[in-house]
1. If I filter the stretch 294-312 for residues that are touching a strand residue (DSSP E or B) at 6+ places or on another chain (Cβ under 9 Å), surrounded by 16 or more Cβ atoms within 10 Å (Cβ to Cβ) and assigned to a strand (DSSP E or B), do I get at least one hit?
2. Test each condition in (1) more than 14 Å from T318 (Cα to Cα); (2) among the aliphatic types (A, V, I, L, M); (3) part of a helix (DSSP H, G or I); (4) touching a residue at least 24 places away in the same chain (Cβ under 8 Å) for L161 and report the one that comes out false.
3. Please determine whether any residue of the stretch 292-308 is under 30 Å from I389 (Cβ atoms) and not aromatic (F, W, Y).
4. Can you say whether I167 is in contact with a Lys or Arg (Cβ under 6 Å, 6 or more places away or on another chain), more than 30 Å from G278 (Cβ to Cβ), outside the structural domain of G329 (by TED's automatic domain parsing) and aliphatic (A, V, I, L, M), as far as the supplied structure shows?
5. Would you be able to say whether some residue in the stretch 147-155 is surrounded by fewer than 18 Cβ atoms within 10 Å (Cβ to Cβ) and without any contact (Cβ under 8 Å) to a residue 40 or more places away in the chain?
6. Consider F218 carefully, then state whether it is aromatic (F, W, Y), touching a strand residue (DSSP E or B) at 6+ places or on another chain (Cβ under 8 Å) and not assigned by TED's automatic domain parsing to the domain that holds D422.
7. Which of the numbered conditions does T123 fail, given that it passes all the others? Conditions: (1) assigned to a helix (DSSP H, G or I); (2) modelled with pLDDT of 95 or more.
Amino acid sequence: MLNKNKKPSRVLIVDDDSSVIASIELLLKQNGYQTISACSPQEAIAKFADSAIDLIIQDMNFSRSTSGKEGLELLKEIKKSHTAIPVLLMTAWGSIELAVEGIKCGAADFLTKPWDNQQLLRTIETCLQLNQPIASEPTSRAKLDQQFDFDAIITDDPLMLEILSTIGRVAATDAPILILGESGTGKELIADAIHNNSARKEQALVKVNLGGMTTSLFESEMFGHVKGAFTDAKQDRQGRFELANNGSIFLDEIGDLDPASQVKLLRILQDQSYQPVGSSKTRRSNFRVISATNRSLDEMVANSQFREDLLYRLNLITIELPPLRKRRGDIHLLAKQHLKRVEKLYAMQDLGIAEDAIRWLEQQSWPGNIRQLTQTIERAVLMSGSHRITAKDFISISNNKDSSHLLENVEDAIFAGGMTLDEVEKLMIIKALDAYKRNITKVAEGLGISRAALYRRLEKYGINL
């Protein structure tokens, strides 16, 4: 786990239970750490002042009181003079709210008792890695490409390059990462980049679209089920977390998760253990969680729509992607790259784009971001029949509301029949299947969703290919 050429990290363990201290000390010493222990906040402050400490593991209670007040006071005292030293809190499941309060006071993370040894080691190493000093020199695309695999991300924008630099730094850790950004900004591409630059890259990146998952299916889909667990459970089925063992799991549209499912998700994120539906046996999965949403989770927490403790479990690192309108310098790169993709997709050759077309693209607001840009380019190629796209081609399709074969007659159907949102979505999928001659890859791209999300919707609406 540790680099043998580096000086061993020193960990201060603070707990009033001597057996807890002994257990953690033994674990850490076996894995190359140096340890110092203290049984009270006063002793911890004294030893902290006399020694060079790299990380602190501390309990929240040091007397019969279970309020956690002593632990919070110790944490605040440490953070007064040493804000950079990571503090890892140990708490019981019943005091998760207390741990969240500790995070607000500056703690790096928290684990529940009883802890899992491997998870504790991974958390310690993650905290230490994230605490390494950051290089101050300017980030260049050439330098990033020498160090990391960012081939799928097209950008030369300074803000995006800073984001890629952050990704390169945190990808090697097991830190949970929350990706924020408007729809179509490339959150899934960022998740791919995080996984592909991590130590888990040889294992699976399991992608789950929580926005298309019903409450009743959450447990079976995420944790799996055993044969006979319910009427249609005719055989054992692996859940997404089991499939992600030793790899990563990408939870897209995390903001759409219902409250009951949020509790179930929080529990597996706490100790990486779960029980398949219909089973009494607990299983473990060593996964790294990456999540994404286009919603404001802070606002949802304030409105009691999203659990605050779950948010802190997900966002040890937060990456916020800028909308396309704030990185207009990338539009010409994205346009030319997508033309190459269209060439392969439709077996076309020598597609090009005029300078006036680039200027027109750069002047648009792009509320749908990169997804809308790529769909607009693809539509212009197909509608114009030309190998060189001009501004006139884009203006033509933007002025013609019926130019998109996916949207034809949908507006009339909505208002004439009073369709529900599900009915509209089903109609769009059916029209896309017809337009793309049931080519699943092209249908998913045309609708701006993943193939997995499309298959879930086909099953949901009973659409038979």
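The values are calculated or read from the model by the stated rules, or taken from the named source; none is laboratory data. Keep in mind it's a predicted model, so treat the numbers as computed, not measured. Here Cβ is always computed from backbone atoms with ideal geometry, including for glycine, and neighbour counts include all displayed protein chains.
1. No, because not a single residue in the stretch 294-312 is touching a strand residue (DSSP E or B) at 6+ places or on another chain (Cβ under 9 Å), surrounded by 16 or more Cβ atoms within 10 Å (Cβ to Cβ) and assigned to a strand (DSSP E or B).
2. Of the numbered conditions (1) more than 14 Å from T318 (Cα to Cα); (2) among the aliphatic types (A, V, I, L, M); (3) part of a helix (DSSP H, G or I); (4) touching a residue at least 24 places away in the same chain (Cβ under 8 Å), the odd one out for L161 is (4).
3. Looking only at the stretch 292-308, we keep the residues that are under 30 Å from I389 (Cβ atoms), and these are 294.
Checking the rest, the ones that are also not aromatic (F, W, Y) come to 294.
Scanning the stretch 292-308, I find at least one residue that is under 30 Å from I389 (Cβ atoms) and not aromatic (F, W, Y), so the answer is yes.
4. Values: in contact with a Lys or Arg (Cβ under 6 Å, 6 or more places away or on another chain): no; more than 30 Å from G278 (Cβ to Cβ): yes; outside the structural domain of G329 (by TED's automatic domain parsing): yes; aliphatic (A, V, I, L, M): yes.
Considered against the rule, which asks whether it is in contact with a Lys or Arg (Cβ under 6 Å, 6 or more places away or on another chain), more than 30 Å from G278 (Cβ to Cβ), outside the structural domain of G329 (by TED's automatic domain parsing) and aliphatic (A, V, I, L, M), I167 comes out as no.
5. Yes.
6. Values: aromatic (F, W, Y): yes; touching a strand residue (DSSP E or B) at 6+ places or on another chain (Cβ under 8 Å): no; not assigned by TED's automatic domain parsing to the domain that holds D422: yes.
Spelling it out, it is not the case that F218 is aromatic (F, W, Y), touching a strand residue (DSSP E or B) at 6+ places or on another chain (Cβ under 8 Å) and not assigned by TED's automatic domain parsing to the domain that holds D422.
7. In the conditions (1) assigned to a helix (DSSP H, G or I); (2) modelled with pLDDT of 95 or more, T123 misses (2) alone.
Each row is one residue, and each column tells you yes or no for (1) in contact (Cβ under 8 Å) with a residue 12 or more places away in the chain; (2) closer than 17 Å to V206 by Cβ; (3) loosely packed, with under 15 Cβ neighbours inside 10 Å; (4) more than 16 Å from the chain's Cα centre (by Cα).
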| position | (1), (2), (3), (4) |
| --- | --- |
| S248 | yes, yes, no, no |
| D256 | yes, no, no, no |
| L265 | yes, yes, no, no |
| Q275 | yes, no, no, yes |
| F287 | yes, yes, no, no |
